[in-house]
Every structure is written in structure tokens, then in C-alpha cells.
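Contents: one structure, followed by commentary.
What follows draws every value from the coordinates through simple rules; no lab data is involved. None of the values given here were measured: they were computed from a predicted structure. So basically every Cβ, Gly included, is an ideal-geometry build from the backbone, and we count neighbours across all protein chains shown.
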Amino acid sequence: MEKIYTVSVFTENSIGMLNRITIIFTRRHLNIDSITASESEVKDVFRYTIVLRTSKEQVDKVIGQIEKLVDVLKAFVHEESEIVHQEIALYKIKTDNLTNGSVEKVIRENYARILTVDPMFMVIEKTGHVEETQLLFEKLKPFGILEFARSGRVAVTKPMKELSTYLKEIEKSN
Amino acid sequence: MPIYDALYDYTDSINHVLVRHEQGAIHAAQGYARVSDKTGVVFATSGPGATNLITGLADALIDSTPLVCITGQVASHLLGTDAFQETDIIGISAPITKWNYQITKAHEIPSVIAKAFFIASSGRPGPVLIDITKDAQFESMQFYYEKCTKIRSYYPNPELNKDSVEEAAKLINQAKKPFLLIGQGIMLSNAEKELKEFVEKSGIPVASTLLGLGAFPKNHPLYVGYLGMHGDYAPNIKTNECDVLIAIGMRFDDRVTGDVSRYAKQAKVIHIEIDASELHKIIKADVPIHADAKEALKLLTASINKNQHDLWLEEFKSAKKTEVDTLKQSAEILHSEELKMNEVIELLSEITHGEAIVVTDVGQHQMMAARYYQFNKSKSNITSGGLGTMGFALPAAIGAKFGAPKNTVIAIIGDGGFQMTVQELGTILQSKIDVKIVILNNRFLGMVRQWQQLFFEKRYSFTEMISPDFVALAKAYSIEAAKIENRANLKDALLKMLNHEGSYLLEVMVAKEENVFPMVPTGASVSEIRLK
């Protein structure tokens, strides 16, 4: 059965890691829905968060092959209930819209905020799950959206084990 | 250029072999690594030199062969500019190397090379590629070398889970029909002795994958055959009758399993494997043991009871008799004066007492060699298994001879595969190495023709081959050569080849339309193996 899975990969900070990780999905003909990367809480350890829809069996095999990469420290797979996740969306609309009171109402009701106001355009920011940022998109659509961008998912896990604990375990077993 | 200029000063300490094509270089390095337990090293220039390594990298990755390939690259300021002979070899080789790295500063060279050798040879071995930009090659630096023994993110020596071993021992002790499958992992972990002790204590029949041949002597009473598509009848059908299936250092390749959904469903599976990603990849293991084969076998042998499985072994023997009788009958029906591939291999095996290093290419002759050569020595069967690379044998045999100079090295090659890397005869000429080459010439791309006959109504679409005069070709490279067509001349010809000092090419004309049987057709279960 196919489900949404969030894969977290912790790697050394080396050139080409993104490519090395994504080709493992490509090879199995799996499409990645979103991917984000940033430094983790441990200096020089990078965290990739990859979201995809597939079967448990497939994602487990992918994890195995990702962990086999020399520069990968650890990879995890989580179901939706095991993580807290968030995305960010930016909406650019014409500043003229501000004179119309209903934009303000939409922003308030959706807990969004205005990042910047230029004489020509303004940028609204909303963080949330994809359904929430999509809902705001639908609501702003009648005002004319000049530009829209949504980030990939960032996620932290609910279990309390810290990455540094894993790193210590790894170093011990080495 | 700077690397080769430096090599000029080290001709006494580094044995550089000049090949004719980079693919030849990498297959030779594979042959060297496979027989010697050392890491093979290859140099190639940037651009086409680097891309010519691709087939060998893929081959070495799937067949777990330790290699360090060093490629030249354009100067770092030219990277990404489509400079002359620039290619993104790091990007291209990423999926087919165990690790790769681009060096742009000379000071990185010692530590990266140290890391490369450590990664290539540890854990499940594999190929590593190091790309060095031209400016880094020209740069001077203070040399400091430290051996690499540890990388934070890389765990080649898994900790053996003793509870799993106990669990496995319990299953083995209770088993009535246990069956052991071995792969190349036994040889990669140098666990031949531990394997023998385990087998002799447990009394479990042993079958081998293609790459595992030789890890356990074929003449041992507990050896029951070769697995897979063109393997033996007994081990294939018994896979679906055993109660405990133990797999060590093998990865359940589809050529071994046939239809996975009908593979050993009745058995409890114990899988000992150093590469964690192979566990449960194809066959779900009841007891997965992520470990080095040698270490796991030692502990497992200590935990099992001494046992014998005479009745179970009898079943293998009687199945073997069925196979031998049926193949004999088929041969009688087809009786012809033409030489058969198996006769050539059987005689060669007899004359060399199963002790030569046999390097094969890919196709019918490869399966015949796997079936009929009595591999009794570890690391004596060198072939391209996972990737099935035609053109592998000739260069790999050259490398094997460099890796095991005291051994007789015999390359057995088909007329098709031979012509894919035939230029390496030039390497033999120049390096004056002693490699025996047997071409089994059936004037067809035989394995494809066999499939066309069996599954495509004999529509022999582009498989018939017209080949050059191989004897004249060998002689052009100053290699002694002969051609035979008759059974009567076979023994003398083989002896003459083996007794000849230096390289020798023997072309044997064999039956045009011989098939390799038994056979598990694609999509069939191992128990549906065909004997004719």
C-alpha cells in the first residue's frame, strides 16, 4: 500500500551528496515530492528531508541503499504520525489589493503575515502544512497572485533520541 | 601527463602495465584484484579515458571487486566550461562507484588516496574513483601520508549479533533438510576454512552461486552443485524442498532465484551478509545476520551440534543422477562428430586437475565452464557475474596472471566476446605475459541464439557471426596459436597449449547449435528447471 513517507538523511558536508541521494530514488523509478537540506543541530552534519509517496517495502530498501553511501551517517523513515513538520509559502500580490479590506481579513483568518510592502507589490508569508498553504493560495487567487513559492517539508521527529546519541553509538561501534 | 611523468621515475618500484583501451585496463585490474585479494589500480586520462572505465566500474560494483581508479581532469578553473576532454566523471560514475571524489588541491592527495584504498577494500569491497584536476597534479606540496583505518560515516565491520547467531544455530540444529548456499562473500572474507569446518560439523549440503565457485571444493562429498538458471538440477529443485535455507555472502540474484514469489517459501531463511542493504532486499530472512562471513561462521560452528543428513544427501545424489542421465541421453540423440563445449572444458579440467585459474567471458561457454570445470581452489574462477560483461575475459585474464604469476591462467572465451576487447592481445605482446586463451567458436552469439531457438521460434535475428582468422590474428601479435576441429586432436592441442612457454591461443571449433541445459527459463520457479 502506498503512503506518504518522510525520509531524513544525515550526512557529512561533502560535495555531491544531494546527487548521490537522489539517484537512489531515480534508480527505483520513485518520484520525490519535496526535498530540503540544511545543517543539522550538529555542526557539519547535514540533514536532508525527503518526502515521497511509495510502499513501506520500497522505502525501507531505499533507506538501506542510502545508508550504504560512505558519507551518510544515518537515515530514517517516518510516517506522518511520527513527525512534526512544516512548510513555508510566499505569495506576491499587487499592493493595490490592500485598499480592499477583504485581503486583510484573509490574512488574519489564515494566520498569515505580511513580509514586505512595496509600492507595486506585497509579499505574504504563511507557514503550515501543505493543505493550509494551499487553502490560502485558493483564497488569494481572486486578488491575482503574481508569484507563488512553497518550500519543501522540514520535519523533526517525535521520538526523543538525539542525533548526537546516534553519532556516539556509531563512533563506539566503529 | 604530470602523473605519468612522475611514474617515469618509479619504473623499478611500480609495475605499470600499458593496456590498449581503458576498458581493458579496468577489467585487468578486476582480474588482478579477484585472484590476489589486493586492490586493483587503474589510471585513465580525462574525458574519453574516464568514460571508457564505466563498464568496468559497474561490473566491479555489482561483483564487489576492490579497485581504485584515478582519472585525470581538466584544470579546476576550467571545470564546467566544456573544456577539451572535460567530462563530469564524478557525476557519471556516482551510481556505479562505492565512493568517488574530485581532488582540486595537491594537499588533499595523500589523505584521499588513503581513504580510497580503505573504502575500496573494506566491508563489501567495490570500486572507488578519484578524479584529480590538472592544476592539482602540477602543484607542489609537503608530503605526509597516514593510513586510513576509520571514517566516521562508514561502518565496514558490523558488530556480530550473538543472539541472531544463537537463533540461527537453533534452527540449524532442528532442521531435517538444511541447505547451504554460498557466494563470493566467503572468498572476500577469506572464510574458506571456517566454511569447511561449519559444513563438516553440520553435515549440510552446499551449493554455490556463479561467483562463489571455488570457495568450497567441487570434489568435496558435501558439495551438491551450482545454483541458478544454468545451474545443476539438484540444488535448484531442493531449494524448494529444504526446511532451512542458509545463505552466506550471496545476494539472491534473479539468475539464482528464478521467480521470487515461488522461491524457498517452505523454508526458514538464515542470511549472513556484510552488506546490510542486501538483507531482505530480495528474500525476506527469518534470521538476518549482518556480519562478516568469517566471524559469523566461527561462532555459528561453535553453536551447532555435530550432525549428518545422509537421507537428505541421498536425495541430492539421486537428483544428480537424473540430471546426468538426461544430459547423456540428449547427447546421444544429438550424436555428432562436432566437438561440444563441455567436452573441451571437462578435458581441460582433468588435465589441470581443477587447479588453474579460469577466466571466462559471458555466455554459453561461461555457463559450461561454471558447470564442468572442477573448481577446487578458492579465487580460481574469475568471471563477470552480475553485470554479464562480454569482453571481460581477455583483459581480466591478463590482470589475473599479474595477480597470481605462479598459476596457470586460462581464459575461456566465446567467438563473440573475444572480439569485444581483442585489442588487449597487444598488452600480452608488450608485457610478455603468459596467458592461455581458448576460444570456443560456435560461429554464433550462442546464448542469444539459444534463447531465440527456445523462446523465439528459431528466429536467429542477428546472432550468426563471421569471424576473422583468430590464429592469424594471434600470430600478428606474436602469440602462438592453433585451431582444431576434431575430437581426436583435442587432448594434444590442449597439452600443447598448456606446455607452451608464454601465451598461446587455441581456437576450438564447436557445434554451432549446442544448448546449455539444465535451464530455469525466465519467470519460472527453480523447481521448474528444464533438463532438455
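A few remarks follow.
- Under the combined filter of DSSP loop state and at most 12 neighbouring Cβ atoms within 10 Å, region B:117-184 retains these chymotrypsin sites (Phe, Trp or Tyr not before Pro): B:143, B:144, B:145.
- For chain A, with +1 on Lys and Arg beta carbons and -1 on Asp and Glu, the positive-most of A:95, A:29, A:164 along the dipole: A:29
- Ellipsoid semi-axes for chain A, based on the Cα gyration tensor and the rule √(5λ), read 37, 17, 15 Å when sorted largest first.
- Restricting region B:433-532 to GluC sites (Glu not before Pro) that sit in a DSSP loop and have at most 16 other Cβ atoms within 10 Å of their own Cβ leaves B:457, B:485, B:501, B:513.
- Result for chain A in a Gaussian network model with C-alpha springs under 10 Å: among A:81, A:34, A:151, the largest mean-square fluctuation is at A:81.
- Exposed-site-free run, longest, chain A (rule: GluC sites (Glu not before Pro); DSSP loop; at most 15 other C-beta within 10 Å): A:42-161
- Between the amide H of residue A:40 and those of A:45, A:46, A:47, distances stay under 5 Å, these residues lying 5 or more places away or on another chain, with hydrogens modeled in the peptide plane.
- For the protein assembly as shown, the pair-distance distribution built from all alpha carbon pairs, in bins 20 Å wide starting at 0, is 16, 43, 30, 9, 2, 0 percent.
- Using distinct alpha-carbon pairs, which all enter the 1/r mean, Kirkwood radius of region B:304-406 in Å: 16.1
- Quotient of Cα Rg and 2.2 N^0.38 Å for region B:162-317, N being how many residues it contains: 0.91
- Cross-link partners for residue A:168 among the lysines, with Cα-Cα distance under 19 Å and sequence neighbours closer than 8 places in the same chain left out: A:43, A:68, A:74, B:150.
- Pairwise inverse Cα distances across region B:387-449, averaged and inverted, put the Kirkwood hydrodynamic radius at 12.2 Å.
- Principal-axis tilt of helix A:130-140 within chain A, Cα atoms, nearest 10 degrees: 20
- The C-alpha atoms of chain B occupy a region whose extents along the principal axes are 70, 60, 42 Å, arranged from largest to smallest.
- On Cα atoms only, tilt of A:17-27 relative to the major axis of chain A in degrees: 90
- Cross-link pairs beyond the 19 Å C-alpha cut-off, checked among B:340/B:532; A:158/B:284; B:177/B:317: A:158/B:284
- Alpha-carbon Debye profile of region A:85-150, log10 I(q)/I(0) at 0.20, 0.25 Å⁻¹: -0.70, -1.11
- Local electrostatic count at residue A:157 - Lys and Arg +1, Asp and Glu -1, tallied over other residues with Cβ under 15 Å: 0
- With each label modelled as a point 7 angstrom along the Cα→C-beta vector, the residue A:162-residue B:10 pair spans 4.5 nm.
- Angle in degrees between helix A:56-67 and the longest Cα principal axis of chain A, rounded to the nearest 10: 70
- Built amide H within the under 5 Å cut-off of residue A:73, gap 5+: A:10, A:11, A:12
- Considering helices alone, the calculated mean residue ellipticity of chain A at 222 nm is -9500 deg cm²/dmol, with DSSP H runs of length four and up weighted by -39500 (n - 2.57) and normalised per residue.
- Span per principal axis, largest first, for the Cα atoms of region B:337-509 (Å): 47, 36, 35
- Think of each Lys and Arg Cβ as +1 and each Asp and Glu Cβ as -1; about the Cα centre, that makes the dipole of region A:85-150 roughly 100 debye.
- Mean ellipticity per residue at 222 nm, deg cm²/dmol - from DSSP H runs of n ≥ 4 across chain B, formula -39500 (n - 2.57): -11000 deg cm²/dmol
- Globularity index of region B:32-124 is 1.09 (Cα radius of gyration / 2.2 N^0.38 Å, N = number of residues).
- A DSSP coil position with no more than 16 other Cβ atoms inside 10 Å describes the following chymotrypsin sites (Phe, Trp or Tyr not before Pro) in region B:406-513: B:456, B:460, B:462.
- Of A:99, A:133, A:22, the residue with the greatest mean-square motion in the GNM of chain A, using alpha carbon springs below 10 Å, is A:99.
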